[in-house]
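Okay, so here's the structure we're looking at.
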Amino acid sequence: PTLSMTRLLLLCEAALQERSVVLVARSPLGLTSAAEGLLHCLAPLQWAGGYLPVLPDCLADMLHAPVPLLFGVVSADPEADAARMSEEHRDLVVAAVGGEAAGGERVFFPPDPPLLPLPSRSRRQLVWALGEA
């Protein structure tokens with residue numbers, strides 16, 4: 001799965017604000033790649049919250065954890081499951097990744113309070129660094 005630059009920036013903003021992020025995709029390998037990619041975008045900072053690139057079904061209750069987390073959820077229908085999770089867990093930033101059509105990934109933002117944008121200088125530097133990668 002890939003994420004567009006805009007969506008990747010939104011997920012970076014969420015992670016930098018220690019918001020919980022859940023990635024939803026069809027394959028465990030894709031989830032791990034997307035989660036690791038997001039973590040690398042935070043360098044030189046390190047993610048200090050919970051991290052399970054593929055959350056087993058038996059640990060689904062961890063989505064209610066009161067700490068920042070970065071989890072991946074395998075789904076046969078990532079878009080529908082991401083939308084459902086976004087409604088059920090209003091504090092999570094949920095992203096369906098790896099859509100079949102170009103730009104098919106989608107990020108759902110119901111968290112309360114809303115995310116703050118990165119300062120423009122930091123955002124430009126991140127966009128430049130991602131473009132160089």
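The values are calculated or read from the model by the stated rules, or taken from the named source; none is laboratory data. On a predicted model such as this, the values are computed, not experimentally measured, just so you know. Note: areas computed on protein heavy atoms with side chains; ligands, DNA, RNA excluded. Shrake-Rupley method; radii C 1.70, N 1.55, O 1.52, S 1.80 Å.
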| said: Quick query: amide H of residue 23 versus all other amide H atoms, modeled in the peptide plane; which residues come in under 5 Å with a sequence gap of 5 or more or a different chain? | reply: 71, 72, 73, 95
| Roughly how tilted is helix 5-16, in degrees to the nearest 10 and between 0 and 90, from the longest Cα axis of the chain? | 80 degrees
| field | Accessible surface of residue 26 - all protein chains present, 1.4 Å probe, nearest 10 Å² | value | 130 Å²
| task | For the range 52-60, just list the computed ³J(HN,Hα) in residue order, Karplus coefficients 6.51, -1.76 and 1.60, θ = phi - 60°, integers in Hz, with x standing in for Gly and Pro. | result | 9, x, 9, 7, x, 3, 5, 10, 4
| message | On C-alpha positions alone, give me the angle between the axis of helix 78-88 and the longest principal axis of the chain, in degrees, nearest 10. | response | 90 degrees
| task | Can you work out the accessible area per residue across the chain, with the rest of the protein chains kept in place, probe 1.4 Å, in square angstrom? | result | 56 Å²
| query | If you take the square roots of the eigenvalues of the alpha-carbon gyration tensor of the range 1-67 and sort them as a ≥ b ≥ c, do you get rounded (a/c under 1.5), prolate (a/b over b/c) or oblate? | reply | oblate
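Apply the Kirkwood formula to the chain: the hydrodynamic radius equals the inverse of the mean of 1/r over all pairs of different alpha-carbon atoms; give it in Å with one decimal.
Result for the chain, one decimal place: 14.7 Å.
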| remark: The percentage of the accessible area of the chain (probe 1.4 Å, all protein chains present) made up of carbon and sulfur atoms, to the nearest whole number, is 58 percent
| Gaussian network model of the chain, Cα springs within a sub-10 Å range: biggest mean-square fluctuation belongs to which of 41, 58, 12? | 58
| Taking the chain as a Gaussian network, where each spring joins two C-alpha atoms under 10 Å apart, which residue of 75, 33, 122 fluctuates the most? | 122
| request: Using a 10 angstrom cutoff on alpha carbons, build the Gaussian network for the chain and name the most mobile of 50, 72, 30. | output: 50
| query | At 222 nm, what helix-only mean residue ellipticity would the chain give, in deg cm²/dmol to the nearest 500, using -39500 (n - 2.57) for each DSSP H run of four or more? | reply | -12000 deg cm²/dmol
| task | Calculate how steeply helix 28-41 sits against the longest principal axis of the alpha-carbon atoms of the chain, using the helix alpha-carbon long axis, and give the answer as 0 to 90 degrees to the nearest 10. | result | 30 degrees
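Could you give the length gained on full extension between residue 67 and residue 40, defined as 0.36 nm per residue of separation minus the Cα-Cα distance, in nm?
The span from residue 67 to residue 40 would gain 7.7 nm if fully extended.
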| request: Please work out how much length the chain gains when fully extended from residue 6 to residue 91, using 0.36 nm per residue of separation minus the C-alpha to C-alpha distance, in nm with one decimal. | output: 28.5 nm
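Suppose the chain between residue 58 and residue 29 were pulled fully straight at 0.36 nm per residue; how much longer would it get relative to their current alpha carbon spacing?
Details: separation 29, 0.36 × 29 = 10.44 nm, distance 1.91 nm.
Extending this stretch completely gives an extra 8.5 nm.
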